[in-house]
Ligand code: GLU
């Protein structure tokens with residue numbers, strides 16, 4: 001039997017990290033088993049339609065290295081793969097259920113339903129559709145249909161008994177039908193199927209063998225099984241996935257800017273690092289190994305190692321993954337990714353990005369740290385003379401003043417303003433003076449950067465800033481001291 005999994009996002013315009021992880025598990029499991037990974041767009045909720053949202057889904061999956069075998073754009077044997085384009089396929093199945101007594105037409109208007117719901121709630125009950133239309137005679141139904149009365153089609157759910165099924169992650173599940181079942185709508189007034197109906201029809205028609213989706217569907221699954229049984233179809237294997245949480249109490253949230261894939265890309269996380277970490281939030285390889293490429297994940301993946309406790313998405317841990325991936329980038333690649341971040345503060349300057357990249361590549365966890373880290377190169381920040389005080393380097397503002405006065409002419413005399421030349425010119429002068437290197441280099445670096453911690457020391461920064469700017473900043477330092 002060929003394994004067939006599907007990722008079935010609704011086009012909301014954003015890819016939630018939980019959704020992305022669901023996609024990853026579906027992809028990894030299909031590939032691991034030499035099966036097919038199918039993309040299906042669930043857009044039957046037309047009110048929620050968002051322009052361009054399907055492209056967000058395509059771009060995210062592609063960007064993460066997950067190519068789908070069948071889907072809206074690439075086609076396949078069981079298309080179309082966009083639910084709204086399948087609209088006409090669902091009604092005949094709903095009618096089949098009506099004929100077999102598993103479903104019925106409901107003509108109750110929204111207004112009538114509201115009245116009954118309110119009356120029911122007023123008595124303290126939990127409202128479920130009361131099966132009123134189930135009791136219409138065949139003639140009454142025919143007459144209403146002939147008159148063009150708007151209708152929905154509802155499932156005729158059992159009101160007693162239990163439904164059990166086995167879930168790969170959660171084990172044997174049993175639900176009381178009276179609690180979990182209701183006469184849910186299968187076909188809406190606009191003729192569109194609900195998710196509750198479409199997922200069953202589509203998963204069956206598309207030959208899906210393993211349904212991997214969020215655990216919020218655990219308790220609706222009895223309703224879906226009722227439909228599979230009504231049709232006499234084979235029930236797929238269920239793999240419900242725990243929620244990705246920020247901490248034990250909180251879900252990832254849009255408001256905190258930690259819910260969407262794009263939030264992380266925008267902050268300067270590397271996709272490879274994000275994917276690697278995300279897969280581990282909810283799954284473990286059975287050993288201590290942490291770092292995997294997506295192909296290595298395919299090899300290592302085993303659905304029996306999915307956790308049934310909520311996965312905590314720990315940003316500190318993600319940062320560690322990102323830092324590790326950043327260190328491994330080829331220098332040219334690092335520079336390419338860093339450039340827009342440098343540009344935010346250094347655009348139009350003559351700063352050598354190649355050299356700057358070398359200096360910062362091992363100093364960041366996330367690219368969005370760069371503008372603040374290198375901003376002093378664009379303009380000397382406001383700083384306090386206290387910065388000149390450094391115990392270890394035996395430096396005080398008074399010492400700094402003498403150092404700047406002494407080394408200004410030494411630097412001014414250098415013609416070939418090159419990092420090595422500056423170094424080889426200054427070091428012998430320090431040696432001759434008998435001072436500690438730090439006592440000279442500390443105040444020089446502070447004067448030209450105005451910053452306690454910088455990528456690179458005095459020589460690197462002097463070379464980056466250029467001769468004129470270096471001397472100008474030293475003058476500025478002297479004026480303050
Ligand atoms: N469209 C559903 C969602 O985005 C898919 C659930 C499923 O995978 O069946 O939540």
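The values are calculated or read from the model by the stated rules, or taken from the named source; none is laboratory data. Remember, it's a predicted structure, so these values are computed and weren't measured experimentally. All Cβ positions, glycine included, derive from the backbone under ideal geometry; neighbour counts span all protein chains shown.
Does residue 101 fit the bill of being exposed (fewer than 14 other Cβ atoms within 10 Å of the Cβ) and in contact (Cβ under 8 Å) with a residue 40 or more places away in the chain?
Criteria met by residue 101.
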The stretch 211-233 residues that are assigned to a helix (DSSP H, G or I), paired with ones that are surrounded by fewer than 16 Cβ atoms within 10 Å (Cβ to Cβ) (beta carbon under 8 Å, 6 or more apart)
215/243; 216/243; 226/158; 228/234; 230/100; 231/96
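Does residue 54 satisfy being over 20 Å from the mean Cα position of the chain (by Cα) and in contact (Cβ under 8 Å) with a residue 40 or more places away in the chain? Let's see the steps before the verdict.
Working: over 20 Å from the mean Cα position of the chain (by Cα): no; in contact (Cβ under 8 Å) with a residue 40 or more places away in the chain: yes.
Answer is no for this residue.
Is it the case that the stretch 65-77 has a residue that's away from the ligand (no atom under 16 Å from the Cβ), in a helix (DSSP H, G or I) and without any contact (Cβ under 8 Å) to a residue 24 or more places away in the chain? Spell out how you get there, then give the answer.
The first filter runs over the stretch 65-77 and keeps only residues away from the ligand (no atom under 16 Å from the Cβ), leaving 65, 67, 69, 73-77.
If we keep only those that are in a helix (DSSP H, G or I) too, we end up with none.
No, because not a single residue in the stretch 65-77 is away from the ligand (no atom under 16 Å from the Cβ), in a helix (DSSP H, G or I) and without any contact (Cβ under 8 Å) to a residue 24 or more places away in the chain.
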Scan the stretch 347-373 residue by residue and report those that are free of Cβ contacts under 8 Å to residues at least 40 places away in the same chain, over 25 Å from the mean Cα position of the chain (by Cα) and loosely packed, with under 15 Cβ neighbours inside 10 Å.
347, 348, 354
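I'm trying to understand the selection: among the residues of the stretch 43-64, which are in a loop (DSSP other than H, G, I, E, B), modelled with pLDDT under 95 and closer than 30 Å to residue 293 by Cα? Spell out how you get there, then give the answer.
Kept after step one, since they are in a loop (DSSP other than H, G, I, E, B), are these residues of the stretch 43-64: 43-45, 49-52, 64.
Checking the rest, the ones that are also modelled with pLDDT under 95 come to 43-45, 49-52.
Of everything in the stretch 43-64, just one residue is in a loop (DSSP other than H, G, I, E, B), modelled with pLDDT under 95 and closer than 30 Å to residue 293 by Cα, namely 52.
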Please specify each residue of the stretch 25-42 satisfying the condition of being away from the ligand (no atom under 13 Å from the Cβ) and either in a loop (DSSP other than H, G, I, E, B) or at pLDDT below 95 (or both).
33, 34, 35
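Report whether or not residue 5 is in a helix (DSSP H, G or I), within 15 Å of the ligand (Cβ to nearest atom) and in contact with a strand residue (DSSP E or B) (Cβ under 7 Å, 6 or more places away or on another chain).
no
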In the stretch 13-24, what count of residues is obtained for those that are within 11 Å of the ligand (Cβ to nearest atom) and either surrounded by 21 or more Cβ atoms within 10 Å (Cβ to Cβ) or over 14 Å from the mean Cα position of the chain (by Cα) (or both)?
5
Determine if the stretch 171-185 includes at least one residue that is farther than 19 Å from residue 70 by Cβ, assigned to a helix (DSSP H, G or I) and in contact with a helix residue (DSSP H, G or I) (Cβ under 8 Å, 6 or more places away or on another chain).
yes
From the list 218, 241, 227, exactly one residue is within 16 Å of the ligand (Cβ to nearest atom) and more than 27 Å from the chain's Cα centre (by Cα). Which is it?
227
For the subset of the stretch 194-211 comprising residues that are more than 11 Å from the ligand (Cβ to nearest atom) and under 12 Å from residue 81 (Cβ atoms), which member is surrounded by the most Cβ atoms within 10 Å (Cβ to Cβ)?
206
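Of the residues that sit in the stretch 432-447 and are buried (at least 24 other Cβ atoms within 10 Å of the Cβ) and in contact (Cβ under 8 Å) with a residue 40 or more places away in the chain, which one is nearest to residue 420 (Cα to Cα)? Give the steps one after another, and end with the answer.
Of all residues in the stretch 432-447, those buried (at least 24 other Cβ atoms within 10 Å of the Cβ) come to 440, 442-444, 446-447.
From what is left, the residues that are in contact (Cβ under 8 Å) with a residue 40 or more places away in the chain are 442-444, 446-447.
Details: 442: 18, 443: 19, 444: 16, 446: 20, 447: 20 Å.
Checked the stretch 432-447; the qualifying residue nearest to residue 420 (Cα to Cα) is 444.
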What pairs come up if the first residue lies in the stretch 456-481 and is on the phi > 0 side of the Ramachandran plot, the second is modelled with pLDDT of 95 or more and assigned to a helix (DSSP H, G or I), and their beta carbons are under 7 Å apart, counting only those six or more places apart or on different chains?
456/359
Somewhere in the stretch 152-166, is a residue farther than 18 Å from residue 223 by Cα, in contact (Cβ under 8 Å) with a residue 24 or more places away in the chain and not in a strand (DSSP E or B)?
no
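One line per residue, one yes/no per condition, for (1) more than 16 Å from the ligand (Cβ to nearest atom); (2) surrounded by fewer than 17 Cβ atoms within 10 Å (Cβ to Cβ); (3) modelled with pLDDT under 95:
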| site | (1), (2), (3) |
| --- | --- |
| 118 | yes, yes, yes |
| 127 | yes, yes, yes |
| 136 | yes, yes, no |
| 161 | yes, yes, no |
| 186 | no, no, no |
| 191 | yes, yes, yes |
